[in-house]
Structure formats: structure tokens, C-alpha cells
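Structure, as C-alpha cells:
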Amino acid sequence: MAEPDPEPIAFGAGQRLGAPETLGISTLDPAHRPPAMPPGRHVTVRVRMLDDTEELFDVSQKASGKVLLDLVCSHMNLIEGDYFGLEFQNHQKIIVWLDHIKPIIKQLRRPKHTILRFAVKFFPPDHAQLLEELTRYLFALQIKQDISSGRLTCNDTSAALMVSHIVQSEIGDFEESKCRSHLLNNNYIPDQMPLIDKIMDFHSRHIGQTPAESDYQLLEVARRLEMYGIRLHPAKDREGTRLSLTVAHTGVLVFQGHTKINSFNWAKVRKLSFKRKRFLIKLRPDLNSSYQDTLEFLMASRDCCKVFWKICVEYHAFFRLYEEPKRKPKPVLFTRGSSFRFSGRTQKQVIDYVKESEFKKIPFERKHSRVQFNSRLSPLPSPRHRVPTEVSQDRPGRFNHSYREQAVRWSGSDRSNSPCLSASACHPHGMVNGQKSLELCGHSPGGRQPSPLTSPLLNDAGSIRTDDEDEVRRKRFPTDQAYFIAKELLTTERTYVKDLEVVTVSFQNAVGQEEATPDSLKKSIFSIFEPLHKFHTGFLREVEQRLALWEGRSNAHIKGDSQRIGDVMLKNLQALRPLTVSLHKQSEALLELEKACRSCPRLEDLCRDFELQKVCYIPLNVFILRPLHRLIHYKQILERLCKHYPATHVDFRDCRAALADVSEVVEQLQGSLIKMENFQKLLELKKDLTGIDNLVVPGREFIRLGCLSKLSGKGLQQRMFFLFNDVILYTSRGMMPTNQFKVHGQLPLHGMTIRESEDEWGVPHAFTLVGQQQSVVVAASSLAEMQKWMEDIRVAIETAKTTNGLSSDLLTSSLKCPEDSAVEAESEDETAASQTSLERPAPHRGNTMVHVCWHRNTSVSMVDFSVAVENQLSGNLLRKFKNSNGWQKLWVVFTNFSLFFYKSHQDDYPLASLPLLGYSVSVPSDSENIHKDYVFKLHFKSHIYYFRSESEYTFERWMEVIRSATLSSSGARGPSNKESRPH
């Protein structure tokens with residue numbers, strides 16, 4: 001039976017402006033409030049934004065698709081939201097737009113497992129019709145995606161020109177080395193390498209162009225391309241020729257490959273319909289045309305026809321009608337054809353509304369841009385672009401929200417009104433391993449930007465989690481401690497798999513294809529990590545499945561056979577054991593990488609550039625040690641399970657057997673792990689120091705680094721000291737753009753003595769280092785710091801008596817000068833070096849613990865490093881500032897003395913980080929009015945953060961690991977003194 005024709009496109013269906021308001025829900029409601037949510041059960045929907053981040057939205061299942069779109073637009077404070085839509089893959093694997101009128105539950109079979117993509121739906125002929133900078137920015141992101149995927153095809157010149165505008169908006173004015181490095185690390189078009197020189201030539205012509213102007217120019221180039229805004233739908237004509245149908249603001253277009261061969265303007269089209277697989281275009285009679293009255297195209301299925309027909313209906317209504325068409329009354333007895341109609345404002349209504357409303361130009365976050373620019377828009381090169389008005393910080397609403405860098409929004413009904421911008425709006429050089437460090441936006445009274453390490457502050461704009469959600473969760477999920485121990489396994493395994501991908505995917509892509517990379521290096525690293533990544537991906541999947549059952553998402557929990565984890569760990573640890581044999585070769589991999597970089601400057605540059613990428617959020621060598629530390633994590637988790645379970649518990653036997661297996665492997669690897677950690681730390685310090693030779697030599701061990709004040713003729717001056725088992729180096733923060741520390745002197749430990757000197761010099765916490773050739777008076781920042789240094793130095797002096805074969809002469813020839821002249825030379829620019837070094841361009845390594853200790857005026861030992869790297873933890877936390885109201889949900893990873901903050905565990909790199917050295921962790925007092933359970937407080941000077949965990953167990957674990965970073969240990973570590981580590 002042939003399907004009857006659906007409703008045709010009727011060109012007189014829309015009302016003229018000035019008619020009564022329609023019933024459609026608009027994204028342009030006054031004050032742009034979130035839409036009203038209908039009653040009923042709520043579901044969490046995942047939306048992937050145009051910057052590839054993902055947001056979660058809590059909506060009623062009865063809500064229409066338009067309510068969800070309005071919620072997304074409200075979240076971004078997007079006024080011109082009618083140009084956009086939400087697309088997803090339906091159960092027939094067809095990409096469709098979310099219907100505005102139908103309830104969400106009728107469109108998404110499994111809402112929790114469906115990812116909707118926020119994308120541009122209607123491409124206007126002239127981008128000057130887009131009145132908001134945010135809208136043009138989103139269109140630019142869409143164009144960026146389209147050229148990257150190959151959907152927007154063009155010649156090489158147009159492609160290079162578009163990429164140059166993208167690069168200008170992301171890194172600013174042209175600098176040859178910076179631009180080339182950026183293009184090597186970021187692929188914007190499918191075959192970019194041959195066009196790099198052309199892109200750079202175009203980029204050099206954009207000097208002074210702001211990101212807003214770059215967006216405008218990008219759209220100016222893109223809109224002239226034949227494939228601009230085109231989404232091809234495969235079809236065949238009557239002769240069976242393969243074609244593609246698409247729709248644009250002008251009408252229906254026909255493509256063969258990527259070439260337009262025909263077009264049917266809306267003025268020529270009388271009716272569009274479909275019957276089963278046949279898509280029909282009925283034209284108006286034209287005596288001057290040879291076309292027949294009805295054109296027929298064959299598509300893959302009836303559903304493909306219907307999807308394309310719906311898009312045509314919406315395009316016609318949006319661009320051709322003045323107002324949204326009214327809904328027709330439902331037939332009493334039966335229906336004929338489809339009842340689908342366009343819902344929402346037309347382009348004419350959108351333009352008129354924005355012009356009449358005169359919205360303020362509000363700053364927002366650009367994910368990729370490193371350019372600082374005025375939040376007030378510059379006039380763009382279009383006479384129709386209206387002059388922007390000035391932004392008032394006191395104005396509530398859109399000013400307080402950013403598009404990109406907010407944490408995951410769990411509820412559309414609560415919004416923060418903090419006047420602080422997010423991390424990316426702060427100083428662009430405040431980076432921690434390529435990530436934005438948490439800092440207070442704005443300038444200090446002296447006009448300088450505050451240090452990213454001494455003024456940490458995470459943006460308060462973001463999602464608010466309600467107390468009702470906590471109650472729902474507590475009722476829904478298990479409360480047994482074993483469940484939270486197993487959940488720690490899950491959360492940390494997610495982070496571990498991501499870390500393995502840094503080596504197997506990101507690092508391999510960066511250096512694996514380079515001719516400069518020796519085959520021996522590829523074999524020693526990738527042959528170890530690729531099998532591990534494959535194994536742990538499967539292991540993670542099993543753990544996720546078991547936790548899902550444990551949480552009661554199936555009937556298995558009734559029997560209790562899924563409320564355990566020991567069987568999963570035992571099976572996988574036994575399967576992992578053959579792979580651990582290669583972990584003995586990790587030291588060879590580190591050594592091979594060091595040798596290759598030393599002999600090949602090209603490879604060294606590649607590795608250095610890779611470490612500056614966002615995905616490499618900690619030093620590369622730490623990633624290489626991850627597999628060894630992960631075994632220790634398994635051992636700790638199993639120990640906690642065995643301690644928790646009674647001997648009669650069904651899971652006890654498997655946990656005990658798994659613990660025995662992993663303990664045996666850890667014991668076998670313990671000796672090599674100690675050596676590798678020391679080797680890795682020496683390699684890191686070598687990158688942070690300048691002016692030394694032969695730091696990394698067999699037998700040398702790192703003991704402690706930190707700040708001490710050195711007494712000289714000009715008084716006490718801050719210096720960074722490095723203690724090894726044979727020598728002490730003292731340095732100052734250099735003026736070089738590399739942010740390295742300049743070595744000024746060395747004190748061999750052989751024959752050295754140490755004594756307290758507070759009374760002798762009248763300086764608090766002072767002690768004197770008496771060497772064979774010179775003496776140095778230093779002062780610590782506190783009594784505790786003085787005791788740590790003196791104890792470690794005394795132990796190191798004793799160790800140095802038995803050290804043979806080490807050369808204590810580390811200074812380069814240019815630094816081999818008398819101590820007084822070295823001190824005099826460095827003191828001339830001391831103030832500038834300590835105050836403005838982070839503000840200069842091209843920061844290189846202003847991200848390591850050396851720099852944190854410098855700014856926090858503290859120290860850290862090798863024992864501290866080992867404990868911190870072993871005590872890793874991941875999971876969701878709720879965060880709150882001292883004076884804010886709501887709690888913001890973040891995915892938090894603790895490692896390397898820092899908290900790294902993500903929107904979700906699926907993110908590839910952190911949005912910001914908080915180094916913890918110098919902070920104190922405690923429980924809030926009653927006077928702080930934090931009336932919640934499982935809350936701990938982080939405090940450094942005037943900065944206070946509150947964090948909430950989900951259970952007593954996770955609260956204690958976060959307290960434990962954070963204390964390992966905030967309460968540094970004393971006591972040096974000798975060659976095999978790992979027993980001193982607290983576990």
C-alpha cells in the first residue's frame with residue numbers, strides 16, 4: 001500500500017509579524033531564564049558541545065525536545081539559539097535532529113546512553129545577520145569541525161586561509177616558531193603538512209586581528225564556498241545515477257560528488273513529499289523550462305526520505321516565513337500523512353528580537369584561544385554590525401557565565417552569579433604542565449599579575465548540585481564500605497587507562513612516525529605500553545560492569561552474587577602477570593629515551609613540545625612509570641578489602657589470593673622501582689636547571705629541594721637549594737624565558753659540617769653549612785622546615801663519606817667564578833626575577849614542583865615524591881568557595897602533589913590544576929556554617945576551598961592522599977631506604 005502524501009510545504013502558512021504570540025517555546029525569553037520543566041521523572045541527557053566538551057542536563061522525560069534545546073542555550077547564555085539544534089543517531093543508525101515538539105522519551109530510546117550533538121542547523125547566507133559574538137564563535141567552531149572532517153571541501157588556498165584565521169584566534173599574532181609548532185601539534189584539515197608554509201604566510205598578514213574579527217573573517221571565507229552548510233543525503237535519480245540531495249536557505253540542491261549540478265529554488269517548488277523510498281519534488285509550471293512537473297529521487301529507505309523531508313520543511317519555514325506556522329487541529333477520525341511542522345522562531349523573528357532587545361555584549365570563554373583581548377567587541381567590518389555597548393560587572397545574567405570552561409551542569413534550574421571569570425580568562429602564562437593553573441583573576445595592587453602558584457582560585461561559575469540529588473543517590477546506591485573500595489578501583493582505573501593512552505596514542509602520534517625516533521626507542525616503549533593498554537581497557541570494562549550490577553541496575557544484586565570485586569581482580573591480575581615481566585625493562589625505556597634525546601636535538605624538541613601539550617598534564621617520564629605504581633595501587637586496594645571483610649565473606653578468599661599474587665610481583669619490582677624513581681627525578685631536575693654538567697650520573701641520588709634564604713652582603717635573598725647524596729646546589733629564578741633556575745654555586749658534602757646559627761646571626765631558623773672551601777649561612781621559613789633540612793643534610797653528609805666515583809664538580813665553565821662575584825651578579829636583578837618572571841612570554845617549564853616550592857617557599861623530599869605518586873586518587877567531588885552558595889560537581893584527579901580538575905572522567909585533559917604544597921587540609925569548624933557530611937577544607941593564606949565526598953570512606957581517602965602532599969616528610973632516603981614511606 002502506497003503511503004499517502006504528507007503535508008506539503010505551503011508558502012503562505014506562516015503569520016505576518018504583529019500577529020498574536022504563537023505557542024512555540026522560544027530560546028529568547030526575557031532575561032533568558034531556563035525553560036519551565038514539566039513534572040514527571042527526570043533523566044540525565046548528555047550533550048556534546050561544539051568545542052567537543054560534554055555537558056549533562058537534567059530534564060523531565062515528558063519535556064519536549066525544544067525544552068532541552070532551550071536548556072542548552074540558557075546554559076550558554078546563547079540568545080540566537082534558533083540557528084542551532086541537537087542531533088543524534090537514532091535506533092536505525094540515522095543521524096536525525098531532535099524534534100522540538102515530541103517528548104524526549106519518545107525520541108531517545110536510551111537517554112542515558114545517547115549522546116546528542118549541539119550543532120549549527122540553519123546556515124544563513126550572510127554571517128553579518130548573526131548579531132552576537134558568541135553566535136559567530138559557535139559558527140566558527142562548526143566550520144572548524146567541518147573542514148577538519150572533510151565535510152567542507154575547498155581548494156588549498158581557501159583551506160589555508162581559513163586555518164590561518166583559526167590559528168590567529170587561538171594563538172594571536174604571528175611568530176614563526178610558535179605558529180609552526182602550533183600547526184605541527186594541531187591538525188585542522190585532513191592533509192595539512194603540505195600547506196603549513198601557505199598557512200603561515202596568511203597568518204603573518206593577520207597581525208592585530210582579535211579573535212572576534214578572526215571568527216568574522218573565517219565565516220566570510222566559508223560562506224562563499226559551494227559546500228558551506230551542506231549536509232549531503234545519498235540518493236539516485238530515475239536512471240540509477242548516484243547523487244546527493246541537500247537543502248540550503250535558497251532551496252533544494254542536487255550534488256554529484258562535491259559538485260552542485262542542479263538547484264530548485266523555493267519559488268519554483270510547489271510541493272515536497274515522499275512515498276516510501278521515493279522523494280518527490282513537484283515544481284510550479286514553467287513554460288521556459290524543460291523540467292517535468294515532478295522530479296523523483298530514490299533514497300535508501302522510507303526513514304531516510306522522511307528525515308530529509310523534515311529538514312526541508314524546517315529550512316523553508318526558518319528562512320522563508322515571517323512567523324512560526326500555526327499548529328493545525330488534529331483530525332477527528334483519522335490522519336493523512338505526517339503531522340510534522342516547524343517549531344520555533346524564524347530567522348526574521350530572531351533578527352528583529354535581538355535588534356529590538358539590544359542585549360549587552362557579554363564576554364565568554366574561548367576554549368582554544370590563548371589571546372588576551374578586550375571583553376568589549378571591536379566593530380567588525382560590516383556596516384550592519386551594530387556598535388557594542390559597554391559591559392557592566394554589576395549587571396546580573398550573562399556576564400557571570402562562560403561558554404566553555406564551566407564544570408558539568410547537572411541542573412538547569414540553578415545558576416551562579418559569581419563575578420569571577422573562569423581560569424582561561426586569567427593570565428595566559430599561568431600554566432601547570434600546559435594546563436591553566438587556578439588563580440585569582442585580575443591584577444595585584446602593584447600592577448602585576450598574581451603568580452598562578454600563589455593565588456589559586458577556580459572559577460565559581462558552573463553547576464549547582466542540590467541536596468535532593470544527594471538524598472536520591474544515598475537511597476539508590478549501596479552504602480557498604482566494600483562498594484566504595486571497589487568504586488575507588490573503578491575511578492582510578494579510568495584515570496590509569498587515560499594515562500596509558502597518553503603514551504600509546506598521543507606520544508606515539510607525536511614522535512612515533514618521526515625519522516628522528518630510533519627503532520630501539522619505539523620498541524622499548526610502545527611494545528610495553530600497547531599490550532598494557534589493551535589489557536587494562538578490557539579490565540576497566542569488567543569493573544564497570546560489575547559496579548553497575550553492584551549498584552542494583554539489574555536483578556543480580558538480589559542474590560548478592562554481584563556485590564564483590566575480588567573474583568574480577570583475581571582473574572585479571574593472573575592474566576596481567578605475563579605482562580609484568582616486561583616492567584623490569586622500564587628503566588631501559590627511560591634510559592633509551594634520555595640517550596635518544598641527548599643525541600638528537602630534533603627528538604628532544606619533539607618531546608619538549610609534547611610535554612607542553614594539555615594532554616601531558618604531568619611530566620612524560622612519570623607516565624612511563626605509571627604501570628609500576630599501578631601495581632602498588634592494586635595492592636593497597638586489596639589490603640583494604642581484606643581488612644574490611646570477615647574471613648567468612650564470599651569475597652574474602654578471592655581478595656586474599658589476588659593480594660598474594662600482586663604482592664609477589666610488587667616485591668620483585670621494588671628494587672628497580674626505587675632506582676627508576678630516582679633516575680626519573682634527576683632527569684626532571686636537569687630540565688629545570690641551567691648552568692650544570694653531568695647531573696644524571698650513576699650513583700647520584702636526589703634527596704630534597706626547596707627554598708631557603710641565603711645570607712650575603714646584601715642581606716637574606718631567596719634561593720632554591722637542591723640536595724643530593726654528594727653535593728648541594730643553590731640557584732635563583734632565572735630571567736630566561738625558559739623559566740629555568742640558574743645555578744650559582746655548589747657545596748660538596750664530603751667534609752662538610754652543619755650547625756644551628758640562629759643566635760650567631762640573629763636570624764630565625766638559621767643554620768650554617770661549613771664546607772672545606774667555603775661556608776654558607778641559610779635560613780628556613782619555619783622551624784619545621786629547618787629541622788627537615790638539617791636532618792636530611794646530616795644523613796647525606798654521612799652517606800657522602802662512603803660515596804665513591806661521583807664528581808662533585810657540576811658547574812659549567814662559565815659559572816666557575818668566585819662566590820662573591822656570582823652573588824653580586826645575581827643580586828642586581830633579583831627583584832625583577834622574583835616578581836615578573838611568570839609574566840614574560842613563552843613560559844617553558846613554569847609548572848614543576850621546583851616552581852611550586854619557589855612560590856610557596858617550602859621544600860619537598862624524594863620520599864615525598866614517591867609517596868605522592870603512589871597515593872593517587874580519582875573521583876567526583878563537590879567543590880565550594882568560602883563565600884559561594886552552591887556546590888559544583890567536578891571530576892578530580894590527585895597525583896604529583898596536585899589536584900587536577902575535569903568536567904568529567906571522559907575529558908582528555910584537565911581544565912585547571914591546584915598544586916597542594918603549602919596548603920593545609922582540615923575539617924571545617926562549626927563557625928564556618930558548612931552543614932554537610934564528609935566535607936574537608938583546603939586552606940592556603942586567604943584561599944579556602946571546601947570539598948564534599950560521597951561517603952565516609954571516600955572522605956577519609958581524600959584526606960589521606962591530600963595529607964601526603966601537604967604534610968611533607970623528613971628523613972633522607974638512602975639507596976634502599978624506601979621503608980620510610982608511610983602507606
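The values are calculated or read from the model by the stated rules, or taken from the named source; none is laboratory data. Remember, predicted model here, so these are calculated numbers, not experimental data. Cβ sites come from the backbone with ideal geometry, for glycine too, and all protein chains shown count toward neighbours. For the accessible areas, the whole protein counts, side chains as well, though only heavy atoms, and no ligand, DNA or RNA atoms are used. Shrake-Rupley method; radii C 1.70, N 1.55, O 1.52, S 1.80 Å.
Around the amide H of Ala912, modelled in the peptide plane, lie the amide H atoms of Phe901, all under 5 Å away and 5 or more residues distant in sequence or on another chain. The alpha carbon radius of gyration of segment 690-802, expressed as a multiple of 2.2 N^0.38 Å, is 1.04.
Between segment 144-191 and segment 757-774, the C-alpha centres lie 58 angstrom from each other.
The share of C-alpha pairs in segment 872-965 whose separation exceeds 24 Å stands at 13 percent. Of the trypsin sites (Lys or Arg not before Pro) in segment 163-256, the ones in a loop by DSSP (not H, G, I, E or B) with at most 12 other beta carbons within 10 Å are Arg205, Arg224, Arg238. Rule-of-thumb check for segment 481-686: C-alpha Rg over 2.2 N^0.38 Å? In units of the globular-protein estimate, segment 481-686 measures up at 1.14.
Across bins of 5 angstrom width beginning at 0, how are the C-alpha pair distances of segment 638-756 distributed, in whole percent? Reading the bins upward from 0: 2, 9, 14, 15, 12, 9, 7, 6, 7, 8, 6, 4, 1, 0, 0. The alpha-carbon atoms of segment 196-249 define a convex hull whose volume equals 124 cubic angstrom per residue.
Relative intensity of segment 42-223 on a log10 scale, I(q)/I(0) at q = 0.08, 0.15 Å⁻¹, equals -0.30, -0.89, per a Debye sum over C-alpha point scatterers of equal strength in the absence of solvent. Computed about the Cα centre, the dipole magnitude for segment 153-308 is approximately 1500 debye when only Lys and Arg (+1) and Asp and Glu (-1) carry charge, each at its Cβ.
Largest to smallest in accessible area, the residues His649, His127 fall in the order His649, His127 (1.4 Å probe, all protein chains included). Estimated translational diffusion coefficient (Stokes-Einstein, Kirkwood radius over Cα pairs, 10 °C, 1.306 mPa s) of segment 122-240: 106 µm² per second. Here the Karplus relation 6.51 cos²θ - 1.76 cosθ + 1.60, evaluated at θ = phi - 60°, turns the backbone of segment 483-494 into coupling constants of 4, 6, 5, 5, 5, 4, 4, 5, 5, 6, 5, 4 Hz, with x for every Gly and Pro. Annotation: per residue accessible area for segment 515-606 equals 52 Å², rounded to a whole number [probe 1.4 Å, protein chains only]. Which of the GluC sites (Glu not before Pro) found in segment 496-534 are loop residues per DSSP with 15 or fewer other Cβ atoms within 10 Å of their Cβ? Within segment 496-534, the qualifying GluC sites (Glu not before Pro) (loop, at most 15 other Cβ atoms within 10 Å) are Glu514, Glu515. Applying D = kT/(6 pi eta Rh) to segment 179-291, where Rh is the Kirkwood radius over alpha-carbon pairs, T corresponds to 37 °C and eta to 0.692 mPa s, the Stokes-Einstein value obtained is 184 µm²/s.
Using a simple spin-label model with pseudo-atoms 7 Å out from Cα toward Cβ, Glu760 and Lys643 lie 4.5 nm apart.
For segment 928-938, 3J(HN,Hα) computed residue by residue from phi via the Karplus equation (6.51, -1.76, 1.60; θ = phi - 60°) reads 7, 6, 9, 8, 9, 7, 6, 10, 10, 10, 10 Hz, glycine and proline entered as x.
Taking the square roots of five times each eigenvalue of the Cα gyration tensor of segment 537-650, the equivalent ellipsoid has semi-axes of 40, 17, 12 Å, listed largest first. Just want the answer: with Cβ charges of +1 for Lys and Arg and -1 for Asp and Glu, which residue in Gly691, Leu729, Ile754 is farthest toward the dipole's positive end in segment 690-802? Going by the Cα projections, it comes out as Gly691.
If the segment from Arg270 to Glu604 were pulled out straight at 0.36 nm per residue, it would be longer than the present Cα-Cα gap by 113.7 nm. Packing, as the average of other Cβ atoms within 10 Å across residues, places the peptides 913-920, 545-552 in the order 913-920, 545-552, highest first.
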